[in-house]
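This structure is in structure tokens; I'll ask about it shortly.
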Amino acid sequence: MKVKRKNQGFTLIELLVVITIIALLASMAMPAFKGIQVSAKITKDVNNVRQILLACRTFASDWNGLFPSFDPNATGGGGNTSNFSTSTEAFNVLIPDYIDTEIIFWTPSQNPAKLRQPKEDGILNQIENSFVYVVGQTDTSFSRSPLVADEMTGPGTYGEFHPWLQAKTAVVGYVGGHVNREKLTKGEPGATVRNSDNSIQDIFQKRTTSDSGGGGGGSGGLLAVPPGNILLP
């Protein structure tokens with residue numbers, strides 16, 4: 001004689017166990033997912049800095065090796081060694097001849113004033129610019145001297161609106177044309193960029209050299225010019 005089994009669904013306890021397991025798996029996966037998102041955004045930031053560096057180097061090839069430190073369209077025809085007060089002013093000399101889009105200068109930020117993308121009207125303004133620029137350098141300056149970096153609150157100092165602060169990461173482009181993801185000293189406001197071997201805690205200080213050839217060592221940084229040359233947006 002065959003015994004028919006009744007179809008039985010999950011009990012309430014079994015359902016709760018399944019839901020709990022799914023919730024645990026989701027909570028474990030979420031940080032990894034956020035990490036992947038941040039990494040992708042930093043990669044885009046790296047690419048933007050690389051394009052800005054290329055534009056700066058192309059500009060330098062046209063102007064005796066000098067990176068943007070003057071307006072080629074200023075009175076006199078050959079440019080004017082005008083003193084830029086912001087990185088936005090310096091970057092505007094690259095538009096449109098060396099960079100044809102303003103979106104290159106914008107990175108998603110925690111800053112409520114910089115949530116919208118540029119208008120693409122041919123003029124870069126401060127709320128559209130997310131990068132700092134170190135003025136007064138040439139293509140023969142120290143190759144490891146920083147030239148372009150993502151937004152700071154002060155020369156060499158990263159604040160609460162820095163998009164990669166919690167990841168303790170900064171993107172820096174150098175005179176030599178290379179771009180690196182650098183480590184911040186901490187994941188909170190007031191952080192600075194350290195070098196790869198931790199011998200320098202703030203690379204945005206004036207470079208010091210010694211007779212032993214340890215360029216950039218000691219308490220100095222990597223800048224080929226004074227920190228006062230760092231222009232904020």
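One line per residue, one yes/no per condition, for (1) within 12 Å of the chain's Cα centre (by Cα); (2) outside any loop (DSSP other than H, G, I, E, B):
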site	(1), (2)
ILE127	no, yes
SER141	no, no
LEU147	yes, yes
ALA170	yes, yes
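Could I ask something else about it? Test of understanding: among THR58, THR43, which residue is at pLDDT 90 or above and within 24 Å of TYR98 (Cα to Cα)?
Going through THR58, THR43 in turn, just one is at pLDDT 90 or above and within 24 Å of TYR98 (Cα to Cα): THR58.
For segment 68-98, how many residues meet the condition of being assigned to a loop (DSSP other than H, G, I, E, B), among the hydrophobic types (A, V, I, L, M, F, W, C) and either under 11 Å from LEU124 (Cα atoms) or modelled with pLDDT of 95 or more (or both)?
3
Now, a different point. Within segment 121-159, restricting attention to residues that are out of contact with any Phe, Trp or Tyr (no Cβ under 9 Å at 6 or more places or on another chain) and among the polar types (S, T, N, Q), which residue is farthest from ASP62 (Cα to Cα)?
GLN126
Here are the criteria: (1) buried (at least 16 other Cβ atoms within 10 Å of the Cβ); (2) not in a loop (DSSP other than H, G, I, E, B). Tell me which single one ASN195 does not satisfy.
Single failed check for ASN195: (2).
Would you check if ILE200 is modelled with pLDDT of 90 or more, over 25 Å from LYS41 (Cβ atoms) and buried (at least 20 other Cβ atoms within 10 Å of the Cβ)?
For ILE200, the condition - modelled with pLDDT of 90 or more, over 25 Å from LYS41 (Cβ atoms) and buried (at least 20 other Cβ atoms within 10 Å of the Cβ) - is met.
Within segment 142-162, how many residues are crowded, with 22+ Cβ neighbours inside 10 Å and not small (Gly, Ala, Ser)?
7
Then there's this: Restricting segment 100-134 to residues that are of a type in the set (A, V, I, L, M) and surrounded by fewer than 21 Cβ atoms within 10 Å (Cβ to Cβ), which is farthest from TYR158 (Cα to Cα)?
ILE123
Cβ-Cβ distance below 7 Å, separation of 6 or more or different chains: which pairs start in segment 137-166 with a residue that is within 14 Å of THR185 (Cβ to Cβ) and end on one that is surrounded by fewer than 17 Cβ atoms within 10 Å (Cβ to Cβ) and hydroxyl-bearing (Ser, Thr, Tyr)?
These pairs meet every condition: GLY159/THR153.
The values are calculated or read from the model by the stated rules, or taken from the named source; none is laboratory data. Keep in mind it's a predicted model, so treat the numbers as computed, not measured. In this analysis, Cβ positions are derived from the backbone assuming ideal geometry, glycine residues included, and neighbour counts consider all displayed protein chains.
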